[in-house]
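These notes are about the structure you will find just below.
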Amino acid sequence: MAIADRLHALTADPDASFVLIARDGGVELLTGAVADVDVLADIPLAADREVFALVPYRQVRERGFEAQDDGTPLRCILVDSHEQLDAAELVAALPDDPITLRDGGFDISDEDYAAIVDQVIDEEIGRGEGANFVIRRDYRASFDTDDRTAALTWFRALLEHERGAYWTFAVITPGRIAVGASPEAHVVARDGFVTMNPISGTFRHPAGGATKAALTEFLSSTKETEELFMVVDEELKMMSQVCSDGGRITGPHLKQMSRLTHTEYMLRGRSALDPRDVLRETMFAPTVTGSPMQNACTVIRRHERAPRGYYSGVAALFSPNASGGHDLDAPILIRTVYVDRGSLAVPVGATLVRHSDPYGEVGETHGKAAGVLGAIGAIERDHAAEARDDADAPDAAPTLADDPEVAELLASRNARLAEFWLQPQDAAAAGPLAGRTALVVDAEDRFTTMLAHQLRHLGLDARVVPWGTVTDDEIDAADLVVAGPGPGDPRDAASPRIARMREVVARRRAADAPLLAVCLSHQILADSLGIALVPLDAPHQGVQKIVPVFGEDASVGFYNTFTARVSPGAASVTDAEVSADAVTGDVYALRGERFASIQGHLESILSRDGIRTLERLAEHALA
């Protein structure tokens, strides 16, 4: 049957379910029956069948994180037919009559959104709840065309006018229709390797197209650079959970689309996990949630006015492989239009950090919405920019990413990063601390997975246990307890999490047992030594500093809103040596008999001297 006839039949049947995917230079058509399931483990994988799934944001509750339950289904299509289509024939068969939008606008006004940005900066980032948070709003409009015809019309527009997407897709099922061009492969599991693709920083092309001067200014932005570093740190936490070798960073690269350019890294590591488990442990991308991930979900719940539906979830294709398992290809659900009974919704969000400008973030949401609406032809396109940016045109000039100065500016970012995460890593390296056990107590910041990986690299047998389930027997049995980082105010005695971390620190100290305390737990240790805890004038979220650590200067990444503080020049307090800022007295590290601590995150990509400093402090605690 001709493609045009197939599409007509699928469009005319309200019960038909199908998916169109443009990826890797080809276009695919998947058809099959719908099956909605409750959890990822219920996705019905069989050795001889592919399964396509739309995974909503509410599934993050499977990780124990907060999310509004709006009933959006975890929808699976059990693929009974998977065809490769001729792209030109498909485009010719797709509808292209213009679709006029009515009553378009954001569900939250610019003024109200700017007020939310202010509130998140003051009440969340300013109080130590995290480094960055993504708060969304939705562009909504109405139209008069049949839903399925509208979706296919916009899919054709994306094929013809968008470029640089990882997937361009249309998912059409009864009651759930989505069409989009996602720039980002959230997670891919193939041949025993897992790959993640953190993307952050958004350069909206000016009228007439991107220029070298404008792009260089964007790439020189401290805010945009630190945003990307923070999401790489957050996704490395996930990689360290699912990969035996923790994950290696390559990049950075430019992700160039028709109207937007992003900066990105690639992360890659070995894993033997079931792809459904990989997907669960990587829900969801920090580029659309925030960090630390668990608290980001709580902040989203507090500040977003409506449930997210599929926004920031993933589309996932599970395909049988030669080893009898399944490969996974899962792009993030952004740059996506949702269609429902004559209405259109385009959810977009901005990444809020400590130095965000509220109306700058308002502008970012406008830019992202306009990028989608322009790509589908719902608003006027910048034809000059489109012609200028068309890298696929036969006579296209080299892209800006090929410019030597741009490439050098991008590559220079890696000079700030830890070599440990840029180099290949052994799954189980023999190290100087071999033969010891380490218990890493997680205080709701999965930086602990990266800490555990680095401790294993140093030779320790390390495992991570959440603060709410760790037992006193486990605390007593470990050779080394690493009390981990976490969000919040270390002075908050009413918090069960803070109270338990105080107990962990106190128990090890009372037993004169080796203890290493990081960030929040460093502050708790300092408080137990009588050192004052105070909020910083400006939060250190994703900040890199060179600080003294007991006779050595170390380049360390910081994610803290509070600090322990001594009198400037103080070198010790009762029972402990102090490494502190000579001017402010901010305490960077402590050590004493059988314990050591650090304010910064030695596991962060921003800690160039992280692995060396971690080894020094762990050796001291175990000496």
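The values are calculated or read from the model by the stated rules, or taken from the named source; none is laboratory data. As the structure is a prediction and not an experimental result, all values here were calculated from the model. Because the Cβ atoms are built from the backbone with ideal geometry, glycine has one as well, and the counts that use them run over all protein chains shown.
Summary table
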quantity	calculated
Hits in the range 501-518 (condition: crowded, with 18+ Cβ neighbours inside 10 Å and part of a helix (DSSP H, G or I))	M501, R502, V504, V505, R508, R509
In the range 179-201, the residues that are over 19 Å from F284 (Cα atoms) and surrounded by 22 or more Cβ atoms within 10 Å (Cβ to Cβ)	V179
Any hit, the range 28-47, residues being touching a strand residue (DSSP E or B) at 6+ places or on another chain (Cβ under 7 Å), modelled with pLDDT under 90 and surrounded by fewer than 16 Cβ atoms within 10 Å (Cβ to Cβ)	yes
Condition check for G360: buried (at least 18 other Cβ atoms within 10 Å of the Cβ), outside any strand (DSSP E or B) and either of a type in the set (F, W, Y) or modelled with pLDDT of 85 or more (or both)	no
Residue under evaluation G542, criteria (1) more than 28 Å from I475 (Cα to Cα); (2) at pLDDT 95 or above, criterion not met	(2)
D575 in the same structural domain as F550 (by TED's automatic domain parsing) and within 30 Å of G246 (Cβ to Cβ)	no
Subset of the range 1-27 (residues that are small (G, A, S) and either in contact with a strand residue (DSSP E or B) (Cβ under 9 Å, 6 or more places away or on another chain) or over 27 Å from A185 (Cα atoms) (or both))	A2, A4, A9, A12, A16, S17, A22, G26
From L460, L433, L451, L417, residue being touching a helix residue (DSSP H, G or I) at 6+ places or on another chain (Cβ under 7 Å) and either hydrophobic (A, V, I, L, M, F, W, C) or closer than 24 Å to E281 by Cα (or both)	L433
Elements of type strands (runs of 3 or more DSSP E) in the range 139-241, at least 3 residues being in contact with a Lys or Arg (Cβ under 9 Å, 6 or more places away or on another chain)	167-173, 176-182, 193-196, 199-204
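Yes or no, residue by residue, for (1) within 20 Å of A181 (Cα to Cα); (2) over 26 Å from the mean Cα position of the chain (by Cα); (3) hydroxyl-bearing (S, T, Y):
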| residue | (1), (2), (3) |
| --- | --- |
| A16 | no, yes, no |
| E28 | yes, yes, no |
| V39 | no, no, no |
| D48 | no, yes, no |
| R58 | no, no, no |
| Q68 | no, no, no |
| S81 | no, yes, yes |
| A88 | yes, yes, no |
| A93 | yes, yes, no |
